[in-house]
1. From the set of residues in segment 50-82 that are in a loop (DSSP other than H, G, I, E, B) and hydrophobic (A, V, I, L, M, F, W, C), which is modelled with the lowest pLDDT?
2. Tell me which residues, restricted to segment 50-82, are under 18 Å from Glu31 (Cβ atoms), among the β-branched types (Val, Ile, Thr) and open to solvent by 40 Å² or more (accessible area, probe 1.4 Å).
3. Search segment 19-49 for residues being of a type in the set (A, V, I, L, M) and either at pLDDT below 85 or closer than 20 Å to Arg72 by Cβ (or both), and hand back the single one that is least open to solvent (accessible area, probe 1.4 Å).
4. Among the residues that make up segment 5-13, is at least one of them on the phi < 0 side of the Ramachandran plot and modelled with pLDDT of 85 or more?
Amino acid sequence: MEPFSFLRLLFLVSLSCFSTAADRRIGCLFENELCSTYEVCVNDAMFGRCHPVPVTDVYTYDVSPSVVQRFRTLLEKLSNRV
């Protein structure tokens, strides 16, 4: 994947994060205790989202495993800078 395409993907992903409901936390695949006790972590193929039970209307990203791995590596590098 070209660097420009990867950056565009990151931009689109960040926009979709802002459009989610405020009570749906994103990133539970990276942080185990992010969801409340009445929520479950749903695998959206990228971050994981907390959804109340019963789970309805699940959005999943259409990305290749290599892009997911590259994104996770980038997130790990960014988190180590803080």
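1. Val82
2. Result: Thr73, Val82.
3. The residue in question is Met46.
4. So far as segment 5-13 goes, no, none of its residues is on the phi < 0 side of the Ramachandran plot and modelled with pLDDT of 85 or more.
The values are calculated or read from the model by the stated rules, or taken from the named source; none is laboratory data. None of the values given here were measured: they were computed from a predicted structure. Cβ atoms come from the backbone with ideal geometry, glycine included; neighbour counts cover every protein chain shown. Just the protein is used for accessible areas: all its heavy atoms, side chains included, with ligands, DNA and RNA removed. Shrake-Rupley method; radii C 1.70, N 1.55, O 1.52, S 1.80 Å.
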